[in-house]
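Contents: one structure, followed by commentary.
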Amino acid sequence: MNEPVDEFEFFLEKIWSDGFPVVTPTEERIARILGGTKRDPAEVIGPIPPAMETATVRDIAVHALMAGCRPEYLPVVISAVELMLRDEFNVNGVQGTMHGVAPMMIVSGPYAVEIGIHGGNGCMGPGFRANATIGRAIRLILTNLGAGIPGVSSMTIFGMPSRYTYCLAENMEDNPWDSLAVSKGYSPDDNVITMAMVESPRFCFDDVSDEPDRLLTGIADSMTAMGSWNMHARSDMVVAMGPQHAAICANAGMSRADVHSRLCEIAGRKVGELKNGGNWRRERALAFPIDVDPDDDEFFIPAIKDPEDLQLIVAGGWGPCTAVCHGWSGGSRAVHGKYQV
Amino acid sequence: MCSVRDTIEFEKRGIPSTTIITSAFKKAADFQFRGNGMEGHPYVVLPHPVSNLQPDEMRELTLRFVDEVASHLKI
Amino acid sequence: MANGLGFIDPSAGGAKETILLAPRPTDLSGKVVGLLDNTKEQADIILQTVGEALCERYGVETLIIRRKEHYSKPAATEIIDEMAGKVDVAIAGLGG
């Protein structure tokens, strides 16, 4: 007796499911979402590690569809997969690591605005279809085609909420400076994605500081922790300044580059403190790409070992908060590139 | 993980190879070997964690597994 | 991938074509052993220890040790190709 298959149960029971229902992929829906790209559906984008299943444009479209993407989101998803597969991003490693970091997508340029990738209030949380579904498409590709499945091939201890989805834009309306993409040399009219392998954010609340020195001291403190890999390896970090905090710095005459360099300079801890807990080991400090003296308790270890590793953006709604997203020790370097619509 | 991939690549080139892993990554290793058509490929499992061992402790522990390594590389 | 379901099932999987085990030598005496260090902590000590013990216990003649760029990336094909051209057997570590 053939019982009709419940399509939602069918996909919810898949080992690669993220635990939420998907939009059921039918040929009709696939054809519709493929209308969002000019690229050939048969075009091979690359194998997704560690299972190394090939992702074609069509495969990516199917996962974007399942995630709930609109056709116009597809160019962003395809480009994100291309970026993600760059050697230096090391998605192979993150698929198996005990850590819980996820590829965070910061999407810049006019197309992000057009399709509604949100960078204001609540941009790191639920409520915005483009943010939610573009990031989710990446995760479904990683779990299905890549088989990055907790307990199977992924030894992630906790995972992280940002492993459901991790995509946002900057709040350019309230950003007193140029975008992250412009700071990397792109034009404001370029459509750019930057991806960094980072944790879910922790917040630095400060409704007391009214000048940059104290404000950045507090933010820098949130960039360091005994248990943060940023202190024990070369690691990327995203600092998403809320626009209210950015305004404090801009109004005091600080440029984006000034803030960036100040945070790189002051975020860190002395050897003597780091030894007391967390992941401190001499051998780790000696492996840094900077000179350190791990036997000098007064020696200052910076959280950011190379200025390129700090991705500074302005995002979120108005309020006294900055979000700091710590990184990974697995050797991932942030990637960025233009995408075609 | 990458050391497993390295062993897979050696085997593809006709070089007998085994991988040394720590126990926390056993499932990941099994998965990778299985997914690459090498289900059941022999590898060596050290008890996790090892990162907190001093060099002489690490050597002492490793020596207990040398014969197992050898057994995976010869008849 | 159409089926009686009425929708597409894009689930990946299915075993890859089986890779046969490379033929093993009968013993390691006089052999060249390759040790591929993925730079994970302790990998260097582990591989060095294994290598030296294999020389002592099994008569291995030569050790070739190579170190990768970073532990989470597969070795550059060049390193593996180079080693494959020089070694009789290979040990990779440390997985995790």
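The values are calculated or read from the model by the stated rules, or taken from the named source; none is laboratory data. Only a predicted model underlies this, so the values are computations on that prediction, with no experimental measurement involved. Cβ sites come from the backbone with ideal geometry, for glycine too, and all protein chains shown count toward neighbours.
Just a few scattered comments:
- Test: residue in region C:63-81 that is in a helix (DSSP H, G or I) and in contact with a helix residue (DSSP H, G or I) (Cβ under 6 Å, 6 or more places away or on another chain): yes
- Test: B:Asp30 is of a type in the set (Asp, Glu), over 21 Å from A:Pro150 (Cα atoms) and free of Cβ contacts under 8 Å to residues at least 40 places away in the same chain: no
- Hits in region A:43-69 (condition: among the hydrophobic types (A, V, I, L, M, F, W, C) and either within 11 Å of another protein chain (Cβ to nearest Cβ) or out of contact with any Ser or Thr (no Cβ under 6 Å at 6 or more places or on another chain) (or both)): A:Ile45, A:Ile48, A:Ala51, A:Met52, A:Ala55, A:Val57, A:Ile60, A:Ala61, A:Val62, A:Ala64, A:Leu65, A:Met66
- Of the residues making up region A:143-186, those that are out of contact with any Ser or Thr (no Cβ under 9 Å at 6 or more places or on another chain) and crowded, with 23+ Cβ neighbours inside 10 Å number 3.
- Filtering region A:1-59 to residues that are among the polar types (S, T, N, Q) and either modelled with pLDDT under 95 or within 15 Å of C:Asp9 (Cα to Cα) (or both) leaves A:Asn2, A:Ser17, A:Thr24, A:Thr26, A:Thr54.
- Restricted to region A:1-96, the set of helices (runs of 4 or more DSSP H) holding at least 2 residues that are touching a Phe, Trp or Tyr at 6+ places or on another chain (Cβ under 9 Å), among the charged types (D, E, K, R) and under 23 Å from A:Gly109 (Cβ atoms) is empty.
- Options B:Glu68, B:Glu60; residue that is over 14 Å from the mean Cα position of the chain (by Cα) and more than 8 Å from chain C (Cβ to nearest Cβ): B:Glu60
- Restricting the first member to region A:315-341 and to residues that are within 14 Å of another protein chain (Cβ to nearest Cβ) and in a loop (DSSP other than H, G, I, E, B), and the second to residues that are surrounded by 24 or more Cβ atoms within 10 Å (Cβ to Cβ) and aliphatic (A, V, I, L, M), the beta-carbon pairs closer than 6 Å and six or more apart or on different chains are A:Gly327/A:Val198; A:Gly327/A:Met237; A:Trp328/A:Val101; A:Trp328/A:Met197; A:Ser332/A:Met197.
- Those residues of region A:300-314 which are in contact with a strand residue (DSSP E or B) (Cβ under 7 Å, 6 or more places away or on another chain) and either within 14 Å of another protein chain (Cβ to nearest Cβ) or outside any strand (DSSP E or B) (or both), in sequence order: A:Ala303, A:Ile304, A:Asp309
- Positions within region B:13-33 being more than 18 Å from B:Val69 (Cα to Cα) and either more than 7 Å from chain C (Cβ to nearest Cβ) or in contact with a helix residue (DSSP H, G or I) (Cβ under 9 Å, 6 or more places away or on another chain) (or both), in sequence order: B:Arg13, B:Lys27, B:Ala28, B:Phe31, B:Gln32
- Matching option when the condition is on the phi > 0 side of the Ramachandran plot, surrounded by 14 or more Cβ atoms within 10 Å (Cβ to Cβ) and in contact with a Ser or Thr (Cβ under 7 Å, 6 or more places away or on another chain), among A:Gly331, A:Gly327, A:Gly316, A:Gly278: A:Gly331
- First in region A:196-212 and farther than 15 Å from A:Gly316 by Cα, second anywhere and of a type in the set (Asp, Glu), Cβ under 7 Å, 6 or more apart: A:Ala196/A:Asp236; A:Met197/A:Asp236; A:Val198/A:Asp236
- Subset of region A:4-31 [more than 8 Å from chain C (Cβ to nearest Cβ) and over 28 Å from the mean Cα position of the chain (by Cα)]: A:Pro4, A:Asp6, A:Phe8, A:Glu9, A:Glu28, A:Arg29, A:Ala31
- Candidates B:Glu39, B:Glu57, filtered to the one that is of a type in the set (Asp, Glu), under 17 Å from C:Asp44 (Cα atoms) and surrounded by fewer than 23 Cβ atoms within 10 Å (Cβ to Cβ): B:Glu57
- Evaluation of A:Thr97 against (1) more than 9 Å from chain C (Cβ to nearest Cβ); (2) closer than 29 Å to A:Ser235 by Cβ; (3) surrounded by 18 or more Cβ atoms within 10 Å (Cβ to Cβ) (one fails), failing number: (1)
- Region C:29-41 - residue that is in a loop (DSSP other than H, G, I, E, B) and at pLDDT 95 or above and, of those, farthest from the other protein chains (Cβ to nearest Cβ): C:Gly30
- Test: residue in region A:118-126 that is in a helix (DSSP H, G or I) and within 21 Å of A:Cys321 (Cα to Cα): no
- Subset tally (residues that are in a helix (DSSP H, G or I), hydrophobic (A, V, I, L, M, F, W, C) and either in contact (Cβ under 8 Å) with a residue 60 or more places away in the chain or within 30 Å of A:Met98 (Cβ to Cβ) (or both)) for region A:225-248: 4
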